[in-house]
1. Looking at ILE50, is it farther than 17 Å from THR149 by Cα and out of contact with any Ser or Thr (no Cβ under 9 Å at 6 or more places or on another chain)?
2. Return the pair list, or none, for Cβ contacts closer than 8 Å from residues in the stretch 1-13 that are surrounded by 12 or more Cβ atoms within 10 Å (Cβ to Cβ) to residues that are of a type in the set (D, E, K, R), at least 6 apart or on different chains.
3. Residue pairs, Cβ under 7 Å, 6 or more apart or interchain, first in the stretch 191-206 and more than 20 Å from PHE150 (Cα to Cα) and surrounded by 11 or more Cβ atoms within 10 Å (Cβ to Cβ), second modelled with pLDDT of 90 or more and not aliphatic (A, V, I, L, M). List them.
4. Just one of MET1, MET14 is outside any helix (DSSP H, G or I) and within 22 Å of VAL148 (Cα to Cα); which is it?
5. Would the stretch 207-220 turn up any residue that is surrounded by fewer than 18 Cβ atoms within 10 Å (Cβ to Cβ), of a type in the set (Lys, Arg), in a helix (DSSP H, G or I) and out of contact with any Phe, Trp or Tyr (no Cβ under 6 Å at 6 or more places or on another chain)?
6. State all residues of the stretch 119-176 that are of a type outside the set (A, V, I, L, M, F, W, C) and more than 18 Å from LEU207 (Cβ to Cβ); if no residue qualifies, say none.
7. Condition test on TRP195, is it assigned to a helix (DSSP H, G or I) and within 24 Å of VAL107 (Cα to Cα)?
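The values are calculated or read from the model by the stated rules, or taken from the named source; none is laboratory data. Being a predicted model, the structure only gives us computed values, none of them experimental. Neighbour counts run over all protein chains shown; Cβ positions are idealised from the backbone, glycine included.
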Amino acid sequence: MNLLGVWAIYRFEMARFGRTFWTSLVVPVITTSLYFIVFGSAIGSRMTEIGGVPYGAFIVPGLILLSMFTESIGNASFGIYMPKWAGTIYEILSAPISPLETVIAYVGAAATKSVIVGLVIFATAHLFVDLPVAHPFAMFAFLILMAVTFCLFGFLIGIWAQSFEQLQVIPLLVVYPLTFLGGAFYSIKMLPPLWQTVTLFNPVVYLISGFRWTFFGKGDVTMAASIGALALFLGLCLAIVIWMFRTGYRLKS
């Protein structure tokens, strides 16, 4: 493996993050604080607990994942789209570095940024609520796997997109709605039986439920189903990215 090439791309992407370090961290902190004020205070005063968990603490896993989804997709898609837009993608394609090494570098850098943002939001949440973590090692592992998975998803969006507007289409029209409808701020068990069944077709439900289980030891679906859904999504994104590099889809044209 060309470790020097991987490190060069990784360091370049992290340097870009360093130039917008405070903006990248302050915005999620402010957004999280506003969510706590609106959902935690306004709604939490009327709905104090869900499944024995205080409402303010209950929404924390959903808040972390909502921000991480945004950061992961945005960082990874922008990271690979800019070389396409600037025309420097051909330097990467002709360099002595394999497609796998390229993906590891870009996705690794984007995932590092996302995990940092997730941990900052986790720390911010402690300013508002008492937040227990039943399974800390599982929580951290789930956090990393989630970041890698959605960075891969963002990476393929960056390859697919042909304009800056297209970079925003899928996050705004698909990921955001699915996250809000996936139990980020409520338990799907609160829904009528018909809508509970419909909601189970939303893949984000399994991700949020699994992450919430690491905090409170309980979720809307089984942990096995959550891990299976995460593994399936990760494998699918990886397969599509490999296909894109092998065929040169929107990379060599």
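1. When the stated conditions are applied, ILE50 does not pass them.
2. Correct list of pairs: ASN2/GLU101; GLY5/GLU101; VAL6/GLU101.
3. Short answer, once both residue conditions are applied: LEU191/THR199.
4. That would be MET1, the only listed residue that is outside any helix (DSSP H, G or I) and within 22 Å of VAL148 (Cα to Cα).
5. Taking every residue of the stretch 207-220 in turn, none turns out to be surrounded by fewer than 18 Cβ atoms within 10 Å (Cβ to Cβ), of a type in the set (Lys, Arg), in a helix (DSSP H, G or I) and out of contact with any Phe, Trp or Tyr (no Cβ under 6 Å at 6 or more places or on another chain).
6. Selection gives THR124, HIS126, ASP130, PRO132, PRO136, GLY158, GLN162, SER163, GLU165, GLN166, GLN168.
7. When the stated conditions are applied, TRP195 does not pass them.
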